[in-house]
Amino acid sequence: MAVATEHVGRTRAPPIFSLSNAARIVEMVIGGLLLISIMSIVLKFDIRDPRLWAGYGPNFVRGFWGTLGYIALILPISVGVGFAAGWARVSGHRMLAWPAGAFVDFFRGVPPVVVILFAFLFGVDFIPLRVQLLLQDVFGTSSNSLPFTLAAFAVAFHSGAYQAEIFRAGFQSISRGQVEAAEALGMRHFQTMRSIILPQTVRLSLPPLGNEFAVLIKDTSLLGALGATELVGLSQEFTAQIPISGGQIVWAFAIWSSVALTYFVMTFLVTRLLRLIERRFRTPGLDVMSL
């Protein structure tokens with residue numbers, strides 16, 4: 001037993017960054033550049049056309065930073081909402097489990113576009129004036145941009161409903177025997193939650209959370225349909241002006257290729273980061289079997 005314990009204690013986590021990961025990233029970048037080059041030859045256009053970027057460049061930069069701002073707002077809110085709702089569903093208290101279940105069922109059953117439109121068009125009417133002023137102070141927005149903030153909250157709540165099920169599954173994967181063993185050792189409920197339940201729940205939730213984060217990043221593009229300052233909306237606005245401004249219609253392909261590549265890079269980096277964190281904190285005996 002001592003030898004086995006010593007061996008487990010010396011088990012080293014895999015490195016966060018390895019040559020295989022670097023080679024895979026290089027292969028994907030080269031493949032993407034090669035595809036763009038082939039399409040450029042077929043369509044006879046240059047994605048680096050200075051005339052294109054002289055007009056579209058400011059829109060791209062504004063849209064990119066706007067998208068990052070929405071992601072920075074939506075992501076932590078969705079995680080907090082999802083974790084709280086997931087815990088409430090397994091808490092055993094009906095006063096918590098029932099509202100959390102209704103929240104999850106509602107947002108999972110309604111398309112995100114409908115939720116966003118409802119929040120954008122009618123959200124201000126349902127929020128008291130004090131809450132509106134508080135949101136404006138906290139997020140530094142004006143009364144005109146408050147509907148966009150509420151639409152971003154709608155995206156966060158919609159994603160939080162899916163994350164709630166992820167965390168619920170993580171909580172329920174912890175065997176009752178571990179909790180009973182902690183109680184037998186005299187550990188309090190808070191100590192059991194902090195030292196036994198939460199670490200395993202977070203570790204087991206990381207793989208599906210990576211997929212949900214990728215979906216959330218792409219869902220921020222729905223805000224562009226409302227006129228928000230983000231990448232898709234500003235790109236669509238510039239594309240509509242190409243015939244009027246005398247630009248080449250083939251620029252549209254370059255614009256949307258740039259948008260697609262940008263979203264791919266953002267989702268790839270986030271999912272790869274979570275995967276590396278998952279590998280870093282992998283525990284022997286809790287690995288997922290590969291088929």
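Here is how the numbers come out for the structure above:
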quantity	calculated
By average C-beta atoms within 10 angstrom, highest first, the peptides 217-228, 190-201	217-228, 190-201
Relative contact order (%) - segment 23-280, alpha-carbon pairs under 8 angstrom, separation at least six	27 percent
Cα pair distances exceeding 32 angstrom across the chain, given as percent	43 percent
Segment 126-228, Rg to Rh (Cα coordinates; Rh as Kirkwood inverse mean 1/r)	1.16
Signed unit charges on C-beta, dipole axis of the chain, positive-most listed residue 141, 98, 228	98
Helical segments meeting 27 Å axial Cα length and Kyte-Doolittle 1.0 threshold in the chain (DSSP H)	19-43
Ranked packing of 57-65, 148-156, most packed first, by mean Cβ within 10 Å	148-156, 57-65
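No lab work stands behind these numbers, since they all come straight from the coordinates. This is a predicted model, so every value here is computed, not measured. Because the Cβ atoms are built from the backbone with ideal geometry, glycine has one as well, and the counts that use them run over all protein chains shown.
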